[in-house]
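The structure is given below, and queries will be raised subsequently.
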Amino acid sequence: MNNRKSQNSILVLATLGVYLGLVLAGATPQVLAQAATAKQFSLKDEVEQKDELDKNPKDCFEGISGNAKQLLNLNVLSEGILEYVSDLQKIVSIGKLSKDETNSLEFIIKSFGNTRETSYERSYQNRWFTLATAERVDGIVGLLCPWNDCDYYTFDLESNADASITKVAFSLDSKNLTIKITTPQKDKTDAGKVAAIYEEAFEIGNCSEVYATPEQQIVYKNTNVSFSDNQIFIVTRLPRAGLDSLFATDAK
């Protein structure tokens, strides 16, 4: 059974590599649509033949918690990331972002209850990458805490007010697009509880077509949740496998 699961994972990652390669290479909407539909059907056929699915899709969300269900109904994380990848595709298509560039940017988001303040360190990163990232960061993390008791506030000297502070680091290189979210809770116990909700939601989002589109499932598949002390870490790492060959094909 472990061998069959490994084959399944390889197929999913291979499809993701082709899809992201097309997106970041600036492929046309028609090509992207084909990659997101026909390729997914091919993947499904392969998985059914090799593994008969790791989990019955009708059962994988059985017993889902109310909080996890709420996150999935809000398309948490996945929708914002897919919109961000779409924006990267657009700036690649107009020649403003190269496949050989390495760019990274970290944002600090301070929530004061009804208001939010987003800032980042000015740097020498690609200006278009910075603009695209700044445009989407709030959409990526904005729905992570739809419950009243999951934000943890401490006094922020710079703002002279109580604030819940979340950090979001973006990194794009020739191998991966990585998004790391760091958000605090009151203590290790609360961090573990909230992290478990995220993990449940992302696992169900990965296996269930009821709660996620094929593209969203790719995001959830490649997202890992962990915690240390009172900090929760949500890391989405999307590999750019096959990007070089796709650029070479496109150039011809």
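None of the figures in this text is laboratory data; all of them are computed from the coordinates on show. Worth saying up front: this structure is predicted, and the values here are computed from it rather than measured. Neighbour counts run over all protein chains shown; Cβ positions are idealised from the backbone, glycine included.
With θ taken as phi - 60° and the coefficients 6.51, -1.76 and 1.60, list the Karplus ³J(HN,Hα) couplings across region 79-91 in order, rounded to whole Hz; mark glycine and proline as x.
5, x, 5, 5, 5, 5, 4, 4, 5, 4, 4, 5, 6
Using a cut-off of 11 Å between beta-carbons, work out the net charge of the residues near Thr182 (Lys and Arg +1, Asp and Glu -1, Thr182 not included).
Within the 11 Å Cβ shell, the charges total +1.
Cβ under 11 Å from Ser159's Cβ, Ser159 left aside: what net charge do those residues give with Lys, Arg +1 and Asp, Glu -1?
Local charge sum for Ser159: -3.
Provide the net charge surrounding Asn126, with neighbours chosen by a C-beta distance below 10 Å and charges set as Lys +1, Arg +1, Asp -1, Glu -1.
Values: positive: Lys96, Arg127; negative: Glu101.
With Lys, Arg at +1 and Asp, Glu at -1, the net is +1.
Something else about it: Residues with amide H under 5 Å of Asn230's amide H, sequence separation 5 or more or different chain, H placed in the peptide plane at 1.01 Å from N; which?
Excluding prolines and chain starts, which carry no amide H, there are no hits.
May I pose another question? With a ≥ b ≥ c taken as the square roots of the eigenvalues of the C-alpha gyration tensor of region 92-209, please select rounded if a/c is under 1.5 and otherwise prolate if a/b is larger than b/c or oblate if it is not?
Oblate shape, in that a/c is at least 1.5 and b/c is the bigger or equal ratio.
If you look for lysine pairs in region 104-207 that are eight or more places apart or on different chains, how many of them have Cα atoms under 20 Å apart?
Summing the qualifying lysine pairs gives 9.
Please turn the phi angles of region 186-197 into ³J(HN,Hα) values with the Karplus equation 6.51 cos²θ - 1.76 cosθ + 1.60 (θ = phi - 60°), one per residue in order, whole Hz, x for glycine and proline.
Once rounded to whole Hz, the list reads 4, 7, 5, 4, 5, 4, x, 5, 5, 4, 5, 5.
Which ³J(HN,Hα) values, rounded to whole Hz and listed in residue order, are derived for region 213-220 from phi using the Karplus coefficients 6.51, -1.76 and 1.60 in 6.51 cos²θ - 1.76 cosθ + 1.60 with θ = phi - 60°, glycine and proline given as x?
Going residue by residue, I get 6, x, 5, 5, 4, 4, 4, 5 Hz, with x marking Gly and Pro.
Follow-up question, since we're still on this one. Under the 0.36 nm per residue contour assumption, what length would be gained going from the current alpha-carbon distance of Thr154 and Gln231 to full extension?
Gain on extension, Thr154 to Gln231, equals 26.4 nm.
How about region 168-229: which trypsin sites (Lys or Arg not before Pro) there lie in a loop by DSSP and see at most 16 other Cβ atoms within 10 Å? Mind showing how you got there, number by number?
Working: sites: Lys175, Lys180, Lys186, Lys188, Lys193, Lys221; in loops: Lys175, Lys186.
Sparse-neighbourhood loop trypsin sites (Lys or Arg not before Pro): Lys175, Lys186.
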